[in-house]
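Data first, discussion second: the structure below is written as structure tokens.
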Amino acid sequence: MIRPIDQGRRLRRQLEDGARSTGLPLKICSSPLSIIEEVPGEIDTRGRAGILFTSANAVRIFSRRSNERDLKALCVGKNTTLAAMRAGLATDPQASVSETSLELVERVVCDYRSGGGPYLYVRGSPIARDLVSLLGAEGVPVDEIVVYRQFPASLTREAKGIIQGGAACVPVYSAFSARRLADEIANLEIADLVCPCISAPVGEALEGIARVSVRIAARPNGDVMQELILSCCRLE
């Protein structure tokens, strides 16, 4: 498990529950490849029609530092949307979940043209896509605030031993994590590593590495990804 600590804990519980229900023996080693550090600063929501989120971390930090709950929250992914709902943010239960940032862009453009905007994008760093530029190209006014940064961490000795010692599965949820993993395993004698990836762009950094098999989720959402991870583990 290479996800940051909080996400890793939640995913671990979900995988253990899924494995238990099917009788699949599962050993999970946690070795986060990124450390999240909050960036202080005022979050000014005045004059906004909505708030954009692409990560649950950003939702949790925003909800701690701002009392704003009335502005609509437009999110990417089921986990981010659930985090917004739990924080009491104004989500639309009738709206379908945007599974990718490009789907979110389409949704925001429609919202703006029907009377919304301007917006505030609350995010971490680094990001895979520049939503401000994408939305700006569509004439949608968006400002952004970085509320956390990700810093690289190294694989633990235990994790390296597992990757070198036999069949292993490492789920990958972001391009940042994929690049970090590629760097970390570059000098390892990999035995047999399968990497379920939430999308094709995420898997690109791992393609072509000897003894690494990249599997791409059919859709970029948490439930499909969890099914893929358990499927890969059954093949071990």
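The values are calculated or read from the model by the stated rules, or taken from the named source; none is laboratory data. Worth saying up front: this structure is predicted, and the values here are computed from it rather than measured. Note that each Cβ is placed from the backbone with ideal geometry, even for glycine, and that neighbours are counted across all protein chains shown. To get the accessible areas, we keep the full protein, side chains included, count just its heavy atoms, and leave off ligands, DNA and RNA. Shrake-Rupley method; radii C 1.70, N 1.55, O 1.52, S 1.80 Å.
Values computed for the structure shown
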item	result
Equivalent-ellipsoid semi-axes of segment 1-150, from the Cα gyration tensor, Å, largest first	30, 17, 14
Virtual spin-label span in nm between I43 and R13, 7 Å along Cα→Cβ	2.1 nm
Using θ = phi - 60° and Karplus 6.51 cos²θ - 1.76 cosθ + 1.60, couplings along segment 219-225 (whole Hz; Gly, Pro as x)	9, x, 9, x, 5, 5, 5
Bridge type composition, the chain - antiparallel percent by DSSP, nearest 5	15 percent
Helix axis angle, 175-185 relative to the chain longest principal axis, alpha carbon, degrees	20 degrees
Segment 1-106: GluC sites (Glu not before Pro) falling in loop per DSSP and having at most 11 other Cβ within 10 Å	E42
Positive minus negative residues near L71 (Lys, Arg vs Asp, Glu; Cβ under 11 Å)	+2
Neighbourhood charge, 10 Å Cβ-Cβ cut-off, centred on C197 and excluding it, Lys, Arg +1 and Asp, Glu -1	-1
Set of lysines near K27 by C-alpha distance (under 17 Å), chain-local residues within fewer than 8 positions excluded	K160
Nonlocal amide H pairs with S125, under 5 Å, H built at 1.01 Å	Y148, R149, Q150
Cleavage-rule hits, trypsin sites (Lys or Arg not before Pro), segment 7-79, DSSP coil, Cβ neighbours within 10 Å at most 10	K27, R46
Whole-Hz couplings from phi, Karplus 6.51/-1.76/1.60, listed for segment 55-60; x for Gly and Pro	8, 5, 4, 5, 4, 5
Under 5 Å, built H, 5+ apart or other chain: amide partners of G117	A49, G50
Share of carbon and sulfur in the accessible heavy-atom surface of segment 66-198 [1.4 Å probe, %]	47 percent
3J(HN,Hα) from dihedral phi, segment 87-92, Karplus parametrisation 6.51/-1.76/1.60, rounded to Hz, x for glycine, proline	7, x, 6, 7, 9, 9
Pairwise label distance in nanometres, L24 with A218, each label 7 Å out on the Cα-Cβ vector	1.5 nm
R64 versus D143: modelled label distance in nm, points set 7 Å from Cα along the beta carbon direction	2.3 nm
